[in-house]
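Asker: One structure follows; several queries about it will come next.
The values are calculated or read from the model by the stated rules, or taken from the named source; none is laboratory data. All values derive from a computational prediction rather than experimental measurement. Here the Cβ positions follow ideal geometry from the backbone for every residue, glycine too, while neighbour counts run over all protein chains shown.
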Amino acid sequence: MLQDKNRSDERGLPADLMLQDKNRTDRRRLPAGVMPRIRNYTDGQISPAGHFTVQETVKAMKADNAYQSIIHPIPPVFDADSEILILGSFPSVKSREAGFFYGHPQNRYWRVLALVFGEPFPETVPDRRAFLLRNHIAAWDVIGSCEIIGSSDASIRNVQANDLEPILKSAPIREIFVNGRTAEKMYHKYTEPLTGRPAVCLPSTSPANAAWSLERLARAWSVIRG
């Protein structure tokens, strides 16, 4: 169990639901009405007594109407000197609370960028905004509004895409990148038909992408330097 029960897991589940391995949830702490629905949403396959997988829990919470309808609360960062555009999918709970991109401390986005550009890790929101502009990076997300459970990309539905035209008309964007497969899927479905521009998919900086070390991510992301 995590000690701080008010924290949320990067995937959007409340921390007090999680067991120590962070891939399973404690069935004794699930909201009322969720546990009885698990069997129906996992094809009858029930985890061993005492826990469910995160995937099972997300499915059950979907059935329990845990969705929120949210409009993207963070404006894009760009200026007339921005040369690349990096898009995520939709801000996590922690990012929405912080009012800026990649606010969850376990997400490696800012550490990767710091390594790629050989700069110190930007700690504060003003530092992060200045970092992006100094390195000619425009940043936003593909999704402008959606229904979502916590921070769970897997739960996203009823998507409305952000309008990238103000960025693309105001800045000489030479290439568009997306952070992870969900952002790539959403970009191809909703945005590329409007922009007519493809996006390069970079490996996700989420801690859920545990197979990729920080150093390996930085090597893959070095393509953004051109």
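Asker: In segment 116-141, which residues are touching a residue at least 60 places away in the same chain (Cβ under 8 Å) and surrounded by fewer than 18 Cβ atoms within 10 Å (Cβ to Cβ)? Break it down stepwise before answering.
Answerer: Narrowing segment 116-141 to residues touching a residue at least 60 places away in the same chain (Cβ under 8 Å): 116-117, 137-141.
Scanning segment 116-141 gives a single hit, PHE117.
Asker: Another question, if that's okay. List pairs: first residue in segment 142-160 and in contact (Cβ under 8 Å) with a residue 24 or more places away in the chain and of a type in the set (Lys, Arg), second residue surrounded by fewer than 19 Cβ atoms within 10 Å (Cβ to Cβ) and in a strand (DSSP E or B) anywhere in the structure, Cβ distance under 9 angstrom, at least six positions apart or on different chains.
Answerer: ARG157/GLU147
Residues are listed down the side, and each one gets a yes or a no for (1) at pLDDT 95 or above; (2) acidic (Asp, Glu); (3) touching a Ser or Thr at 6+ places or on another chain (Cβ under 8 Å):
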{"site": "PHE90", "(1), (2), (3)": "yes, no, no"}
{"site": "PHE100", "(1), (2), (3)": "yes, no, no"}
{"site": "ASP141", "(1), (2), (3)": "yes, yes, yes"}
{"site": "GLY144", "(1), (2), (3)": "yes, no, no"}
{"site": "SER152", "(1), (2), (3)": "no, no, no"}
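Asker: Still on this structure, I have one more. Given the condition over 19 Å from the mean Cα position of the chain (by Cα), more than 24 Å from LEU202 (Cβ to Cβ) and at pLDDT below 95, answer yes or no: does some residue in segment 65-77 qualify? Break it down into steps so the answer makes sense when it comes.
Answerer: Kept after step one, since they are over 19 Å from the mean Cα position of the chain (by Cα), are these residues of segment 65-77: 65.
This time we only want the ones that are more than 24 Å from LEU202 (Cβ to Cβ), so: 65.
From what's left, at pLDDT below 95: 65.
Yes: segment 65-77 contains one or more residues that are over 19 Å from the mean Cα position of the chain (by Cα), more than 24 Å from LEU202 (Cβ to Cβ) and at pLDDT below 95.
Asker: What pairs come out if I take residues in segment 175-196 that are more than 14 Å from ASP141 (Cβ to Cβ) and pair them with residues that are hydroxyl-bearing (Ser, Thr, Tyr) whose C-beta lies under 9 Å away, six or more apart or interchain?
Answerer: ARG181/SER204; THR195/TYR187
Asker: Could you please give the count of residues in segment 92-113 that are surrounded by fewer than 16 Cβ atoms within 10 Å (Cβ to Cβ) and assigned to a helix (DSSP H, G or I)? Explain how you work it out, then say what you get.
Answerer: Restricting attention to segment 92-113, the residues satisfying the condition of being surrounded by fewer than 16 Cβ atoms within 10 Å (Cβ to Cβ) are 97, 99, 105-106.
If we keep only those that are assigned to a helix (DSSP H, G or I) too, we end up with 97.
So the count comes out to 1.
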